[in-house]
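Peer 1: Take a look at the following structure, please.
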Amino acid sequence: MGMTIWIRGARLETLPLAIAPVLIGASLAWRDAGERRVAVAVLCGFVALLLQIAANFANDYSDGIRGTDAGRAIADEQLSRGPARLVASGVNPKKVLVAAGICALAACLCGLAVIALTGYWWFILVGIACLAACWCYVGGKHPYGYHYLGEIFVFIFFGLVATCGTMFALSGTITPDGLLGGSAAGLVAVAVLCVNNLRDIESDGNHGKHTWMTAMGLRNGTIFTIAILIISALIALRHLLQSSIYAANGIPLIAIIAILCAAQIAASYAIARKTYRRALPLCSLDSLTVAAIFVLSTMLA
């Protein structure tokens, strides 16, 4: 069970959120990228993945020592979901913090490799900002995730920064399509956070953790979450319909739209039914569907 606990604590269901913006940024920059584009793209993917896992461990540590996760861990056990919340389930907080630090260090090493390959040394500042955002979400004396800012920072870092950063690392430019792609990925990431906060809305309120969901309430928060999922899909469809694949490939176009709609309906239905255990992975996978729209429409154009 030791390894299983850590795998659950890493929250693998959230990892598509790290991959999706990198895929979008890489696809949009691929044709203008240099000879080392494969290495740079892969390294950007590792940076995003490792930072995501580091953030998950850091959040687990901070919420655990505050006691915010105490009741959630009991609920998870009752639902047979296993001890996904490490500190609240009895894992030594120092070990969780060390795990977060190791993942963050590995992400930094991958980031330094990207810098060495591209020569963009100012990416160090971006890396520092990402690390600070990971820790300060629920860590420190004044975590911004407890004061209605978590959704904004998730949109910025899991959407715009990840997408546009990958795009710039590969091509040295950021286009309007890159900003739109980053916005689509960021909105899905916000939706995943909102689903998580809808599930924890009562315990968050009891522990002074103020999120958009605690402010909106269950009904309005549910509507908002489904709405931003739909907006992300519309952004992806806009990019698809503006590409030449729209004019030349009728059947593939219909198939792509059908897959996107199916993913959206499945995630939205789970949210509306308050089956958050299913909604979380469905929303995360929906980010890959949105990314696939950008990848296919760009590569086949």
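The values are calculated or read from the model by the stated rules, or taken from the named source; none is laboratory data. Source: prediction; values computed, not measured. When we count neighbours, we look across all protein chains shown, and the Cβ atoms used for this are built from the backbone with ideal geometry, even at glycine. Note: accessible area is taken over every heavy atom of the protein model, side chains too, but ligands, DNA and RNA are not part of it. Shrake-Rupley method; radii C 1.70, N 1.55, O 1.52, S 1.80 Å.
Peer 1: Tell me the mean residue ellipticity at 222 nm calculated for the chain from its helices only (DSSP H runs of n ≥ 4, each -39500 (n - 2.57), averaged over every residue, nearest 500). Numbers along the way, then the final one.
Peer 2: Details: 14 runs with 230 residues, N = 301.
So the calculated ellipticity at 222 nm is -25500 deg cm²/dmol.
Peer 1: While we're looking at this one, here's another question. Compute the label zone of E35 within segment 133-177: residues whose backbone N is under 17 Å from the point 7 Å along Cα-to-Cβ.
Peer 2: Zone members listed by number: 170-171.
Peer 1: Per residue, how many Å² of accessible area does segment 164-253 show with a 1.4 Å probe? The partial results should precede the final answer.
Peer 2: Details: 3660 Å² over 90 residues.
Accessible area per residue, segment 164-253: 41 Å².
Peer 1: Taking N as the number of residues in segment 1-58, what is its alpha-carbon radius of gyration divided by 2.2 N^0.38 Å? Numbers along the way, then the final one.
Peer 2: Numbers: Rg = 14.0 Å, N = 58, 2.2 N^0.38 = 10.3 Å.
So the Cα radius of gyration is 1.36 times the expected 2.2 N^0.38 Å.
Peer 1: To continue, here is another question. Short version: ³J(HN,Hα) in whole Hz for each residue of segment 36-47, in order, from phi by Karplus 6.51 cos²θ - 1.76 cosθ + 1.60 (θ = phi - 60°), x for Gly and Pro, what are they?
Peer 2: Residue by residue, segment 36-47 yields 9, 5, 5, 4, 5, 5, 5, 5, 4, x, 5, 4 Hz.
Peer 1: Ranking request for peptides 208-219, 228-239: highest mean number of other beta-carbon atoms within 10 Å first, then the rest in descending order.
Peer 2: Packing proxy ranking, top to bottom: 228-239, 208-219.
Peer 1: If the cut-off is a Cα-Cα distance under 26 Å, which lysines reach K141, setting aside same-chain residues fewer than 8 apart in sequence?
Peer 2: K94, K95, K209
Peer 1: Cα-based Rg (one decimal) and Dmax (whole number) for the chain, in Å?
Peer 2: 19.0, 58
Peer 1: Here is a further query. With the chain treated as a Gaussian network of Cα nodes joined by springs under 10 Å, which of T166, T118, T289 yields the largest mean-square fluctuation?
Peer 2: T118
Peer 1: Enumerate the amide H contacts of H210 below 5 Å, restricted to partners 5 or more residues apart or on another chain; note that Pro and chain-start residues carry no placed amide H.
Peer 2: For H210, the qualifying residues are H147, Y148.
Peer 1: Can you tell me which of N196, N56, N220 moves the most in a GNM of the chain? Springs connect C-alpha atoms under 10 Å apart.
Peer 2: The residue that fluctuates most here is N220.
Peer 1: Hey, another quick one. Work out how far the C-alpha atoms of segment 96-188 reach from end to end along every principal axis, then list the three figures in whole Å, largest first.
Peer 2: That gives 38, 28, 18 Å along the principal axes, largest extent first.
Peer 1: Give the dimensionless ratio obtained when the Cα radius of gyration of segment 175-227 is divided by 2.2 N^0.38 Å.
Peer 2: Relative to the 2.2 N^0.38 Å estimate, segment 175-227 comes out at 1.32.
Peer 1: Report the one residue of L229, I256, F168 whose Cα lies farthest in the direction of the positive end of the charge dipole of the chain (charges on C-beta: Lys and Arg +1, Asp and Glu -1; origin at the Cα centre).
Peer 2: After comparing all options, I get L229.
Peer 1: Report the residue, chosen from A132, A100, A20, that carries the largest GNM mean-square fluctuation when the chain is represented by alpha-carbon nodes joined by springs under 10 Å.
Peer 2: Result for the chain, Cα springs under 10 Å: A132 fluctuates most.
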